[in-house]
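The values are calculated or read from the model by the stated rules, or taken from the named source; none is laboratory data. If you're wondering where the values come from, they're calculated on a predicted model, not measured in any experiment. Glycine also receives a Cβ, built like all others from the backbone with ideal geometry; neighbour counts cover every protein chain displayed. Areas reflect the complete protein model, heavy atoms only, side chains present, ligands, DNA and RNA absent. Shrake-Rupley method; radii C 1.70, N 1.55, O 1.52, S 1.80 Å.
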Amino acid sequence: MKSMRVHTWGEAPRLEELPEPEPRPGRTLVRMAATTVSHLDRSIAAGGFLRHPPLPYVPGVEASGTVLQSERFAVGARVWLRGAGLGTVEDGTWCETISAPDAAIGLLPEAIAMRLGAAFFSPCTAAWVALFSVGALQAGERVLISGASGAVGGVAMQLARDAGARVTVADGATDDAPAAFDLLVDAVGGPPLAALLARLVPGGRAILVGYTAGRRVELDLAELMQRDVRLLPLNMLRREAEARAAAPELLARLADGRLSLSLRLFALSQAAEAMTWIAERGHRGRAVLQPDSFASASADAV
């Protein structure tokens, strides 16, 4: 089978032929229809993540496809895959046939396209948990979202509006802006975060979702303490159970059009190109890899 593999931390993945995986108890074999490229994949492949598989390894933490062999799922069932160590402590999903722990798999409704089934879990569940579990969003609250062009920020904007919040997208003009927001969802991090925190009202909450603008920021702790602003990091690896519990509702919203997610398609062999694309500031949506036999680079909104 065709696979993308990383041999050295910081090196681009290589297209290789690997043996088909064998059936094993407690695992399901899935013919991959689509898989994603994420910032988590980039962090692991760079060697900068706390958890990582042994080298060489197949990246990829989520996918969709059809069941080939399983003790738990019917052959031919449409499924999505995420979690249970895929791509973080063992080989992942950037391959034509995936061997996944049964616990990583969920059934994918017929109304959801495979490419969307591969891409929905991370941004949709992160936005849901950030707003409703971590941020305790209430109807009527004022929400500021940075990084709204990205997948998590874009979904958070839709979910917050649907929940009755008043949503504003951060545009960088923060120096003289008044403190007017109850909740900040920040997917950018880095130096811009300090100015965004200044726009929160006393008692406001800031959910830290990502750090595409940098991993370090200088903050005035005395000001934060006096204004009682809460910094709330989002760690979805610790909240996988909450994420999986939210998945059926999120899939239902995607199926009936209440929620949308922008995608860009790449061939499996273009994984390195996709990794570069998601690192560009202002890129919109998610990078999805499909088997080379029917994939072509394009953009779509679903």
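Structure notes:
- Extreme residue, least open to solvent (accessible area, probe 1.4 Å), among residues of region 118-142 that are over 14 Å from the mean Cα position of the chain (by Cα) and among the small types (Gly, Ala, Ser): Gly135
- If you check Arg264, Arg227, Arg215 for being touching a Pro at 6+ places or on another chain (Cβ under 7 Å) and either farther than 27 Å from Thr8 by Cα or without any contact (Cβ under 8 Å) to a residue 40 or more places away in the chain (or both), only one passes: Arg227.
- In region 193-302, counting only strands (runs of 3 or more DSSP E) that sit wholly within it, none holds 1 or more residues that are of a type outside the set (Gly, Ala, Ser), surrounded by 15 or more Cβ atoms within 10 Å (Cβ to Cβ) and modelled with pLDDT under 90.
- Exclusive hit being under 30 Å from Asp220 (Cβ atoms) and of a type in the set (Gly, Ala, Ser), set Ala139, Ala119, Ala148, Ala103: Ala148
- Taking the numbered list (1) touching a Leu at 6+ places or on another chain (Cβ under 6 Å); (2) over 23 Å from His283 (Cβ atoms) in turn, Thr35 passes all entries but (2).
- Every pair of residues 6+ apart whose Cβ atoms lie under 7 Å, when the first sits in region 71-83 and is over 12 Å from Pro101 (Cβ atoms) while the second is part of a strand (DSSP E or B) and among the small types (Gly, Ala, Ser): Val79/Ser64; Val79/Gly65; Val79/Gly106; Trp80/Ser64; Trp80/Gly106
- On the stretch given as region 44-95, residues that are open to solvent by 30 Å² or more (accessible area, probe 1.4 Å) and not in a loop (DSSP other than H, G, I, E, B) total 6.
- Neighbours by Cβ (under 6 Å, 6+ apart or cross-chain): first from region 127-140, within 19 Å of Ala247 (Cβ to Cβ); second in a loop (DSSP other than H, G, I, E, B) and open to solvent by 50 Å² or more (accessible area, probe 1.4 Å): Val129/Arg239
- Counted residues, region 1-34 - those being open to solvent by 50 Å² or more (accessible area, probe 1.4 Å) and of a type in the set (S, T, N, Q): 1
- Scanning region 143-180 for residues that are more than 24 Å from Ser38 (Cα to Cα), touching a strand residue (DSSP E or B) at 6+ places or on another chain (Cβ under 8 Å), at pLDDT 85 or above and open to solvent by 20 Å² or more (accessible area, probe 1.4 Å) yields a total of 5.
- Test: residue in region 55-65 that is acidic (Asp, Glu) and in contact (Cβ under 8 Å) with a residue 60 or more places away in the chain: yes
- When the criteria are applied in full, Ser262 fails the requirement of being among the polar types (S, T, N, Q) and over 18 Å from the mean Cα position of the chain (by Cα).
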